[in-house]
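Take a look at the structure below.
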Amino acid sequence: EVYAHGPHLATGTFERGNLNLDEETANNAEIGIDRHHARWTWSAKLYYNRIEDYVFLRNADDDGDGVADLVSVEGQLSGAGDDPDEALFLVDYAQAGADFHGFELETGYRLIERGPLRLDARLFADSVRGELRNGSNLPRITPERFGGGFDAELGALSGSISLTRVERQHRVAVLETETEGYALLSADLAYTLTAGDTRTTFYLRGRNLLDEEARRHTSLLKDRAPLPGVTLLAGVRIEFN
């Protein structure tokens, strides 16, 4: 944050550090409650973080046109538009007072517990707001999420299915673009064999099974690189005790 000055190709940015940064000071408050009773569990948490001299990365607008600047690998504004795919966003490390507040909710219920068969249902939701002390939004703050799923076990066989909905992020910082919401459906299936001190698990994983065009608001590359589409992964994991 202090000494950076140059291209960061992994994030598609040209970073400029700030020699005048002070140390951050954070005061955090959190309260939570959880309940475990028979087949039902739930938990809730509220938190508030007040940070003085918070350090964050923001887009730059050196030419004053109201649009985030694109520069060449050398950091030059001129010529950056010749090939937009190779241009880098010009970003600065800045510092200001900031507040974060939000909540996390989670609940689960065991639907079936009969011999070797178990089936659980779960739901969750979480939210966070990140704002500067002047009331403007911080960049790349994750939007609200909620979802649920089922987890099952039958002897050596286990599986799960989950659906997560990520809402549209419209609370954006200066020079930042909004990000559309999306839903991610995932599923897992595994079979575990135990022989002595060795556990061997054969697994199959599916991600983004709805083939959504999903872009994470927290990513500096969201406008160029969405999350992968339908993904299937098969593998074997061996554990030695």
Out of the range 20-29, which residues are surrounded by 10 or more Cβ atoms within 10 Å (Cβ to Cβ) and either part of a strand (DSSP E or B) or of a type in the set (Gly, Ala, Ser) (or both)? 25, 26, 28, 29
Residue count, the range 46-65, condition part of a strand (DSSP E or B), open to solvent by 80 Å² or more (accessible area, probe 1.4 Å) and within 14 Å of residue 90 (Cα to Cα), comes to 1
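Return the residue satisfying two criteria in turn: it lies in the range 30-45 and is in contact with an Asp or Glu (Cβ under 9 Å, 6 or more places away or on another chain) and part of a strand (DSSP E or B), and of such residues it is nearest to residue 88 (Cα to Cα).
Within the range 30-45, the subset in contact with an Asp or Glu (Cβ under 9 Å, 6 or more places away or on another chain) is 32, 34, 39, 41-45.
Adding the requirement that they be part of a strand (DSSP E or B) leaves 32, 34, 41-45.
Numbers: 32: 42, 34: 46, 41: 47, 42: 45, 43: 43, 44: 41, 45: 39 Å.
Among residues in the range 30-45 that are in contact with an Asp or Glu (Cβ under 9 Å, 6 or more places away or on another chain) and part of a strand (DSSP E or B), the one nearest to residue 88 (Cα to Cα) is 45.
State all residues of the range 30-41 that are within 23 Å of the chain's Cα centre (by Cα) and surrounded by 11 or more Cβ atoms within 10 Å (Cβ to Cβ); if no residue qualifies, say none.
As a first pass, look at the range 30-41 and keep what is within 23 Å of the chain's Cα centre (by Cα): 30-32.
Once the filter is applied, which keeps residues that are within 23 Å of the chain's Cα centre (by Cα) and surrounded by 11 or more Cβ atoms within 10 Å (Cβ to Cβ), the range 30-41 yields only 32.
What do you reckon, is residue 68 open to solvent by less than 30 Å² (accessible area, probe 1.4 Å), out of contact with any Cys (no Cβ under 7 Å at 6 or more places or on another chain) and either assigned to a strand (DSSP E or B) or over 18 Å from residue 175 (Cβ atoms) (or both)? Quick ask: steps written out before the conclusion?
Working: open to solvent by less than 30 Å² (accessible area, probe 1.4 Å): yes; out of contact with any Cys (no Cβ under 7 Å at 6 or more places or on another chain): yes; either assigned to a strand (DSSP E or B) or over 18 Å from residue 175 (Cβ atoms) (or both): no.
So residue 68 fails the test.
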Taking first residues from the range 128-145 that are on the phi > 0 side of the Ramachandran plot and second residues anywhere that are among the hydrophobic types (A, V, I, L, M, F, W, C), the pairs with Cβ under 9 Å that are 6 or more apart or on different chains are 140/56; 140/57; 140/173; 140/220
What residue, among those in the range 206-229 that are in contact with an Asp or Glu (Cβ under 9 Å, 6 or more places away or on another chain) and open to solvent by 80 Å² or more (accessible area, probe 1.4 Å), is modelled with the lowest pLDDT? 224
Test residue 129 against the criterion of being among the basic types (Lys, Arg), part of a loop (DSSP other than H, G, I, E, B), within 30 Å of residue 17 (Cβ to Cβ) and open to solvent by 30 Å² or more (accessible area, probe 1.4 Å), and give yes or no. no
Report, ordered by the first and then the second residue, all pairs with beta carbons closer than 8 Å, sequence separation of six or more or different chains, a first member in the range 29-56 that is more than 19 Å from residue 125 (Cβ to Cβ) and small (Gly, Ala, Ser), and a second member that is modelled with pLDDT of 95 or more and assigned to a strand (DSSP E or B). 29/47; 29/48; 29/49
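The values are calculated or read from the model by the stated rules, or taken from the named source; none is laboratory data. Remember, predicted model here, so these are calculated numbers, not experimental data. Please note: Cβ atoms are built from the backbone with ideal geometry, for glycine as well, and neighbour counts cover all protein chains shown. All accessible areas refer to the heavy atoms of the entire protein, side chains included, with ligands and DNA or RNA removed. Shrake-Rupley method; radii C 1.70, N 1.55, O 1.52, S 1.80 Å.
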